[in-house]
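To start, the structure itself, in structure tokens.
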Amino acid sequence: MGLTLFDREGQRLVRNPCGEIIMRRALTVMAERDRAGDEYNALIEERAGRVAIGVIDAPMVTILTDAIAEIQADHPLIDIDILSVSSATLFDSLCTGEIDIMLGRPPGLSRPDRYSYLDIAHEGLTFVARPDLPLVRQRSVPLDTLAMYPWVLQRTGLSLRQGVEHLLQEHKRAMPTRVLNTDSLFMTLSYAARSDAAAVISQPMAHMQAETGQIAILDTAYQVSISSYGILTARNRALPPVASRVLDVLRCHAAV
């Protein structure tokens, strides 16, 4: 560039303003070079990379949160993306490669040769409502009493909705006339907290939200559960090394 970077002061050289700029930039380049080397070594040693995980409500609370905390503490360069929707949508994302690992349940008509599955547990369901709703103070609330209130449920065809429908069929009861259908957990919790509605959500999520005081768990006379959930990976696609490392941590937290 033809620039003078140093000025002579007596018998020593000192950086002039141009020298200060070049030195500052050079130090930045050297630091970035060292950082790039660290990231490259981490990638080679399977300590870095991106992993996409799909999860339904129950294992999000019981497994995934603690697992991610461990992963981020031990492997801070692993970048994790979380997708939380229904199992049916997650399974499609798993098959197309949008996610690497799924915590949920395989669709009923899916081909078992398309995925590997590790069973974890059945998902219990519970009725919840806002804490000051008079219904909360009752014990062993029957279905006929619950049916007098609005309900918030998943839309028809999804697992939580099917669990409620099975409960009603088992006790020869019809679906209440006032039902808000939504797949959004946030909408479910928000509406239940601000209305007279009773909502049905997974037990782990219900207990976590009840601890905050946003909702209360209703003491009903029924035990409701749906099919078990587990850890799924696609058979036709090998997991990247970093995703395999994450899978091992998930298995440890699932105790499978």
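Applying a threshold of 6 Å to beta carbon distances and a minimum spacing of six or more residues, or different chains, the list of pairs starting in the stretch 158-178 at a residue that is among the charged types (D, E, K, R) and ending at one that is outside any helix (DSSP H, G or I) and at pLDDT 90 or above reads R161/L153; R161/Q154; R178/P150. For L118, the criteria (1) in a strand (DSSP E or B); (2) surrounded by 20 or more Cβ atoms within 10 Å (Cβ to Cβ) hold in every case but one, which is (2).
Sort through R130, R111 and tell me the only one that's among the basic types (K, R) and not assigned by TED's automatic domain parsing to the domain that holds E211. First the steps, then the outcome.
Working: R130 fails: not assigned by TED's automatic domain parsing to the domain that holds E211.
The conditions single out R111.
The residues of the stretch 88-108 that are farther than 15 Å from A234 by Cβ and surrounded by 22 or more Cβ atoms within 10 Å (Cβ to Cβ) amount to a single one, R105. Among the conditions (1) modelled with pLDDT of 80 or more; (2) basic (K, R); (3) within 53 Å of the chain's Cα centre (by Cα), R24 misses just one, which is (1). Restricting attention to the stretch 199-246, the residues that are over 21 Å from V128 (Cα atoms) and either surrounded by fewer than 18 Cβ atoms within 10 Å (Cβ to Cβ) or aromatic (F, W, Y) (or both) add up to 10. Checked against the criterion of being modelled with pLDDT of 95 or more and either assigned by TED's automatic domain parsing to the domain that holds M205 or assigned to a helix (DSSP H, G or I) (or both), the candidates A73, A58, A67 yield just one match: A67.
Checking R178, R155, R194, R161 one by one, the residue that is surrounded by fewer than 14 Cβ atoms within 10 Å (Cβ to Cβ), over 20 Å from L133 (Cα atoms) and among the charged types (D, E, K, R) is R155 and no other. If you check A197, A210, A193, A216 for being in contact with a strand residue (DSSP E or B) (Cβ under 9 Å, 6 or more places away or on another chain), assigned by TED's automatic domain parsing to the domain that holds G157, among the aliphatic types (A, V, I, L, M) and under 23 Å from H166 (Cβ atoms), only one passes: A197. I'm checking my understanding of the structure. Among residues of the stretch 63-87 that are aliphatic (A, V, I, L, M) and free of Cβ contacts under 8 Å to residues at least 24 places away in the same chain, which one is surrounded by the most Cβ atoms within 10 Å (Cβ to Cβ)? The residue in question is I68. Put simply, of V249, V242 the only residue that is assigned by TED's automatic domain parsing to the domain that holds I101 and out of contact with any strand residue (DSSP E or B) (no Cβ under 8 Å at 6 or more places or on another chain) is V249.
Pairing residues of the stretch 181-205 that are without any contact (Cβ under 8 Å) to a residue 60 or more places away in the chain with residues that are assigned to a strand (DSSP E or B), at Cβ distances under 7 Å and at least 6 apart in sequence or on separate chains, gives N181/L153; T182/V152; T188/V152; T188/A199; T188/I201; Y191/V152; Y191/L180.
Would you point out the residue of the stretch 143-156, among those that are closer than 17 Å to D57 by Cβ and of a type outside the set (D, E, K, R), that is modelled with the lowest pLDDT? Walk me through it before giving the result.
Within the stretch 143-156, the subset closer than 17 Å to D57 by Cβ is 152-155.
Checking the rest, the ones that are also of a type outside the set (D, E, K, R) come to 152-154.
Details: V152: 97, L153: 96, Q154: 91.
Result: Q154.
The values are calculated or read from the model by the stated rules, or taken from the named source; none is laboratory data. It should be emphasised that the depicted structure is a prediction, and the values quoted were computed from it without experimental measurement. Using ideal geometry, Cβ is built from the backbone for each residue, glycine included, and neighbour counts are taken over all protein chains shown.
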